[in-house]
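Data block below; observations after.
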């Protein structure tokens, strides 16, 4: 653990300095960091350290699940090492993508950070505009969090999330249990991380008690929130059949939905006029566009075992179908049933390609 | 009005359950005609999409038949099918349809068991009534 004292209370600058140092050390060729660009905070791939100007990994916004970006950057072989600053849900999705052979982490240094939740992109950008992009949205957000203020704009997926601490990172930036105005803590999460911190001349000291207490307190708070949110019953069938327009945005932004050609774009979902008419005859009327329900069923079957409940599907839905909370609950149930947890470990086998002889006996009717 | 006759789609594995159904036929065991059989090489080859498609197109029930645990012709396809069906049923639960999908292990020598399974399932689905998705 390395404690970095802050002189002027600007933690973003401190984290920026860390990345500059990392780039300067030639340990990595480039870094993937969230930076302020045109009033939003988005991932940027940076090779030269003077372009690390507006790093802000604490801005409460997650435009895309960056596991998708890491997948793009790493699927083709290369020896160049890069570092990526990721939120816990992004690291977990990345772990799943590695197991699905859609990303590689051999030449990747994962820098994780405690996550306090995010707003939707539009909420974040409009707040930021109101404040002339002066960075106060992030500061106000963190101040609110520190005094346990209930912030209603935080996305449902984030409010439900209990994986807000970065597991499986090489280097972790710890914020919980700290006064953010005074110091931030950078810890090694792996041998590789330890080596990097040593090379950067940053010392490693053990975990503090305050942090453990703060993490437990936060877990408790979220558990209560989760119970509240889950009380609101949603008739999913009703919601889908009235709100879904089959735009498939949920699929396009999902970090786990990785197929190069979705089954719904292939020939099995191209029908003749006669086929449509025969469906219409059978039911008297056919809801168009067709296959909406089949799409949702199939997407669930495909992703629930690896779903990390990042809620990007809900964020991308133009009609605000509460997919995030559905996927959160269902993926939890499915993964629990199969004694699996998405994003927990790179060594655990994907649950649908594994089995145990003595399990699920109740499934037989 | 005539009594509701459920329509059941059965996905049966080639090596056990399909042969079991065949045995029921050749042994002239009587069972309801509500079942339409689709032969698969293995219960592990069942894409959940087939089940969803059947339900959406109006099947009132779906029966999935595979070899008994330990007897799979491909060593472990039925174990994988069991996990897949478990996930599928969790999803269908969200829509109140989980009891319309049955997984049964039926061996090639169990013609009687196949006939009984169909009889049992038809009665069960009949008592539930038509597939509610039909109204969509």
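Neighbouring Cβ atoms from other chains, within 10 Å of the Cβ of residues in A:290-299, number 4 on average. Per residue of peptide B:45-55, the mean number of Cβ atoms on other chains within 10 Å of the residue Cβ is 3. Under 10 Å, Cα contacts only: if you run a Gaussian network model on chain A, which one of A:335, A:13, A:261 comes out with the highest mean-square fluctuation? Result for chain A, Cα springs under 10 Å: A:261 fluctuates most.
Take every DSSP beta bridge with both residues inside region A:1-116 and express the antiparallel ones as a percent of the total, to the nearest 5. Around 50 percent antiparallel, to the nearest 5. Taking a ≥ b ≥ c as the square roots of the eigenvalues of the Cα gyration tensor, an a/c ratio below 1.5 marks region A:2-231 as rounded. Each of A:180, A:243 was scored by other Cβ atoms within 10 Å of its Cβ. Listed from fewest to most, they are A:243, A:180.
The mean sequence separation of alpha-carbon pairs under 8 Å and at least six residues apart, normalised by the residue count of chain A, gives a relative contact order of 18 percent. Helix A:273-283 versus the longest principal axis of chain A: what angle, 0 to 90°, nearest 10, using Cα atoms? Its long axis makes an angle of about 80 degrees. If the segment from residue A:329 to residue A:13 were pulled out straight at 0.36 nm per residue, it would be longer than the present Cα-Cα gap by 110.0 nm.
When chain A is treated as a Gaussian network with alpha carbon springs shorter than 10 Å, the biggest mean-square fluctuation among A:347, A:179, A:291 belongs to A:347.
DSSP beta bridges confined to chain A are antiparallel in about 55 percent of cases. A full extension of the chain between residue A:149 and residue A:50 corresponds to an added length of 32.0 nm, given 0.36 nm per residue minus the alpha carbon distance. Residue ranges A:250-258, A:61-69, A:48-56 sort as A:61-69, A:250-258, A:48-56 when ordered by packing (mean number of other C-beta atoms within 10 Å per residue, highest first).
With respect to chain A, whose longest principal axis is taken over its alpha-carbon atoms, helix A:292-303 is tilted by about 40°. The simple spin-label model puts a point 7 Å past each Cα toward its Cβ; for residue A:285 and residue A:239 those points are separated by 2.4 nm. For the listed peptides A:78-91, A:130-143, a ranking on the average number of other beta carbons within 10 Å per residue, highest first, reads A:78-91, A:130-143.
Reported to the nearest whole Å, the Cα centre-to-centre distance from region A:89-140 to region B:63-127 is 43.
Summary value for region B:1-78: 44 percent relative contact order, contacts being C-alpha pairs under 8 angstrom separated by 6+ residues.
Comparing Cα centroids, region A:207-276 and region B:1-61 end up 32 angstrom apart.
Peptide A:347-355 has a mean shielding of 3, counted as Cβ atoms of other protein chains within 10 Å of each residue's Cβ.
Only Cα pairs under 8 Å and 6+ residues apart enter the sum, and on that basis the relative contact order of chain B stands at 38 percent. On a per residue basis, the convex hull of the C-alpha atoms belonging to region B:8-129 measures out at 85 Å³. Panel order for A:271, A:327, A:124, by other beta carbons found within 10 Å of each beta carbon, from fewest to most: A:271, A:124, A:327.
From most to least packed by mean Cβ count within 10 Å, the peptides A:294-300, B:117-123, A:281-287 give A:294-300, B:117-123, A:281-287. Angle of helix A:121-130 to the longest C-alpha principal axis of chain A, folded into 0 to 90 degrees and rounded to 10: 50°.
A short reminder: the numbers here are calculations on the coordinates, not readings from a lab. Just so you know, these numbers come straight off a predicted model, no measurement behind them. FYI the Cβ positions are ideal-geometry reconstructions off the backbone, even for glycines, and counts take in every protein chain you see.
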